[in-house]
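Worksheet for the structure shown next.
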Amino acid sequence: MKTFTSIREWQTWRAAVHATPVGFVPTMGTLHQGHLSLVKASREQNVLTIVSVFINPKQFDDSADFNAYPNDFRKDLERLRKAGVDAVFLPDAAQIYADDYRFKVTESDFSQRLCGAHRPGHFDSVLTVVMRLLNLVRPDNAYFGEKDYQQLQLIRDMASAFFMPVNIVACATVREADGQAMSSRNQRLDAGSRAKAASLYATLKQSRSANEARKVLATQGFDVDYVEDIAGRRLAAARLGNTRLIDNVEI
Ligand code: AMP
């Protein structure tokens, strides 16, 4: 497995790769089975699988959240090697934002709703980094999780709007045995909150309406940002202490 921290070295290697199709899984590290399911799908559908690990500082709401975001690059590389990944791209922020962030992707409609209403600017930061990574990696297929459903839709729409030569592939949410969506942020929950967290998924599934789900979650001690039904899906974000959890189910 090749690893690259320098964008210049990455570009030299990438230019010499003529294998096709190439699959790409962008991540922020602290990898779990959710990420590895994307890697598996990519390996099944491509001759080469590339993973990026980049904790994008621009998409965090505040520096405390960024500083608290877990990272363990050594363990991540070990997992990716075992998963059969061909190349890992680990650029740093200075290289990714060599333009001092003068250039951004802006979306002015769906990105303002749901999570975007509670995290101003978040999705523009996500779209900007995904655009930069897709331009660097130039994959045929790029894999994203349905766990981050609004993000997935926005990335799909961006790829379509800019006529980007990439196929965006959606992968189902991987869950723990109790139904809780796997997330790097789960590590930040104490035992009591972790036990409670699973009822986010159960409540979204079992409630007859978004309104009912909102009420049930509030009773259970969640600080609910939103629960909304959109186009056959129920999407929600809710906080337990300092940890913000998101999930969505088909309805
Ligand atoms: P992250 O490292 O959190 O930025 O996630 C990287 C990619 O993995 C994104 O496309 C996520 O949607 C996806 N992902 C994260 N958690 C899960 C999960 N539990 N199931 C499926 N995909 C996931």
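Diagonalising the gyration tensor over the Cα atoms of the range 1-149 and scaling each eigenvalue by 5 before taking the square root yields semi-axes of 25, 17, 16 Å, largest first. Taken along the Cα-to-beta-carbon direction at a fixed 7 Å, the label points for D99 and F73 span 2.5 nm.
Once each part is reduced to its C-alpha centroid, what is the distance from the range 190-251 to the range 31-97 in angstrom? Distance between centres, Cα-based: 27 Å.
Can you classify the chain as rounded, prolate or oblate using the Cα gyration tensor, where a ≥ b ≥ c are the square roots of its eigenvalues, rounded means a/c under 1.5, and otherwise it's prolate if a/b beats b/c and oblate if not? Verdict is prolate for the chain. For the range 208-251, the gyration tensor built on C-alpha atoms gives an oblate shape. Its axis ratio a/c (a ≥ b ≥ c) is at least 1.5, and a/b is not larger than b/c.
Between E250 and A172, the distance separating the two model label sites (each 7 Å from Cα on the Cα→Cβ line) works out to 0.8 nm. Projected over every direction and averaged, the convex hull enclosing the alpha-carbon atoms of the range 155-234 yields 7.0 nm². Distances between placed amide hydrogens fall under 5 Å for L245 paired with A238, R239, L240, all partners being 5 or more residues away or on another chain. Going by the alpha-carbon gyration tensor, a ≥ b ≥ c the square roots of its eigenvalues, is the range 4-63 rounded (a/c under 1.5) or, if a/c is not under 1.5, prolate (a/b greater than b/c) versus oblate? Oblate, because a/c is 1.5 or more while a/b does not exceed b/c.
Under the combined filter of DSSP loop state and at most 12 neighbouring Cβ atoms within 10 Å, the range 161-196 retains none of its trypsin sites (Lys or Arg not before Pro). Rounded to 0.05, the FRET efficiency of the A15 and A231 pair, given R0 = 45 Å and the Cβ-Cβ distance, is 0.65. Using θ = phi - 60° in the Karplus curve 6.51 cos²θ - 1.76 cosθ + 1.60, the 3J(HN,Hα) couplings for the range 215-232 round to 5, 4, 5, 5, 4, 7, x, 7, 9, 7, 6, 6, 9, 9, 9, 9, 6, x Hz; x is entered for Gly and Pro.
For the range 93-170, the direction-averaged projected area of the alpha-carbon convex hull comes to 5.3 nm².
Legend: distances between Cα atoms for K40/K75; K82/K104; K58/K147; K40/K147; K58/K205; K82/K147; pairs beyond 26 Å are K82/K104; K58/K205. Multiplying the residue separation of Q187 and A202 by 0.36 nm and subtracting their alpha-carbon distance yields 3.4 nm. Inter-part distance, the range 1-27 to the range 159-173, computed on C-alpha centroids, equals 19 Å.
Values quoted throughout were computed directly from the atomic coordinates according to the rules given, and no laboratory measurement underlies them. What you see is a predicted model; the values in this text were computed from it and never measured. Note that each Cβ is placed from the backbone with ideal geometry, even for glycine, and that neighbours are counted across all protein chains shown.
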